[in-house]
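Participant: Take a look at this one; I'll ask things after.
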Amino acid sequence: MANVTTQTHSKLLRVIAMVILALIFLVGLAVLIIWLVIKPKQLVYSIENGSVSNFNLKYNHLNASFDFLIRAGNPNRRITIYYDTIDVSLSYDDQTIAFNTLEPFHQPRRNVTQLEAKLEARDAALSNGLSKDLMHEKAAGKVQLDVRIKARIRFKVEIWKSKHRTLRVLCPSVMLQFSSSEIAQRTFCDIEN
């Protein structure tokens, strides 16, 4: 009697294991098929131009206006993107000196959207060393800054919308000229994972 119970129990465990493996295989196959149909591509970001105005650095406190043109590209054929919140910050030598929030927008498939970001440094306190470095760069006519973008986004494919995801973008070493409104060259950005 105990042997029959053990055999029945063993068969039941094998059936359950086979069902679980079949479900895992089917889910994996469905994900692979969806991925092959959608063929998601990486979003592309760059800083096209920028300017510094009203620059005033006194007693290690910075006041300045920074204007940037951010280029956001969606190369996907089947995916649209909803940018629900967009925060842009500007840092000099890893210290945030300016911050602003941009208007939410919807980006269709295969679209390039240009965003104007206006950031104000208002009485931003700098260390004595950073203040000296920034004054040296101003005297040279150029300043190198990092632009960071943090956005809450959702993806839409046909009728399905994803949950909110956080997108982090870093545009390193953006070179701004004090005497011109054009950056030295387009700066491509990296998506941080």
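Participant: If I ask for residues that are hydrophobic (A, V, I, L, M, F, W, C) and either within 20 Å of HIS164 (Cα to Cα) or in contact with a Leu (Cβ under 6 Å, 6 or more places away or on another chain) (or both), which ones from segment 88-114 would you list?
Facilitator: The initial filter retains those residues of segment 88-114 that are hydrophobic (A, V, I, L, M, F, W, C), namely 88, 90, 97-99, 102, 105, 112.
Once the filter is applied, which keeps residues that are hydrophobic (A, V, I, L, M, F, W, C) and either within 20 Å of HIS164 (Cα to Cα) or in contact with a Leu (Cβ under 6 Å, 6 or more places away or on another chain) (or both), segment 88-114 yields VAL88, LEU90, ILE97, ALA98, LEU102, PHE105.
Participant: Out of all the residues in segment 38-88, which are of a type in the set (Ser, Thr, Tyr) and touching a residue at least 24 places away in the same chain (Cβ under 8 Å)?
Facilitator: Once the filter is applied, which keeps residues that are of a type in the set (Ser, Thr, Tyr) and touching a residue at least 24 places away in the same chain (Cβ under 8 Å), segment 38-88 yields TYR45, SER46, SER51, SER65, THR80, TYR82, TYR83, THR85.
Participant: Counting residues that are of a type outside the set (Lys, Arg) and touching an Asp or Glu at 6+ places or on another chain (Cβ under 7 Å), which strands (runs of 3 or more DSSP E) fully inside segment 1-101 reach at least 3?
Facilitator: On the way: elements: 44-58, 61-74, 79-92.
Per the criteria, 44-58, 61-74.
Participant: Let me ask another. List the number of the failed condition for VAL52; all other conditions in (1) modelled with pLDDT of 90 or more; (2) touching a strand residue (DSSP E or B) at 6+ places or on another chain (Cβ under 8 Å) hold.
Facilitator: It fails just one condition, (1).
Participant: Filter segment 93-130 down to residues that are buried (at least 17 other Cβ atoms within 10 Å of the Cβ) and of a type in the set (Gly, Ala, Ser), then give me how many there are.
Facilitator: 4
Participant: Which is open to solvent by less than 60 Å² (accessible area, probe 1.4 Å) and out of contact with any helix residue (DSSP H, G or I) (no Cβ under 9 Å at 6 or more places or on another chain), of LEU90, LEU57? Don't jump to the end; show me each part of the working.
Facilitator: On the way: LEU57 fails: out of contact with any helix residue (DSSP H, G or I) (no Cβ under 9 Å at 6 or more places or on another chain).
The match here is LEU90.
Participant: Within the bounds of segment 111-126, is there any residue that is outside any strand (DSSP E or B) and either of a type in the set (Lys, Arg) or within 20 Å of TYR45 (Cβ to Cβ) (or both)?
Facilitator: First, pick out the residues of segment 111-126 that are outside any strand (DSSP E or B): 126.
From what is left, the residues that are either of a type in the set (Lys, Arg) or within 20 Å of TYR45 (Cβ to Cβ) (or both) are none.
No.
Participant: Could we say that VAL88 is modelled with pLDDT of 95 or more and touching a Gly at 6+ places or on another chain (Cβ under 7 Å) here? Steps first, answer last, please.
Facilitator: On the way: modelled with pLDDT of 95 or more: yes; touching a Gly at 6+ places or on another chain (Cβ under 7 Å): no.
So VAL88 does not fit the description; no.
The values are calculated or read from the model by the stated rules, or taken from the named source; none is laboratory data. As the structure is a prediction and not an experimental result, all values here were calculated from the model. Cβ sites come from the backbone with ideal geometry, for glycine too, and all protein chains shown count toward neighbours. Remember, those area values only see protein heavy atoms, side chains included, never the ligands or the DNA or RNA. Shrake-Rupley method; radii C 1.70, N 1.55, O 1.52, S 1.80 Å.
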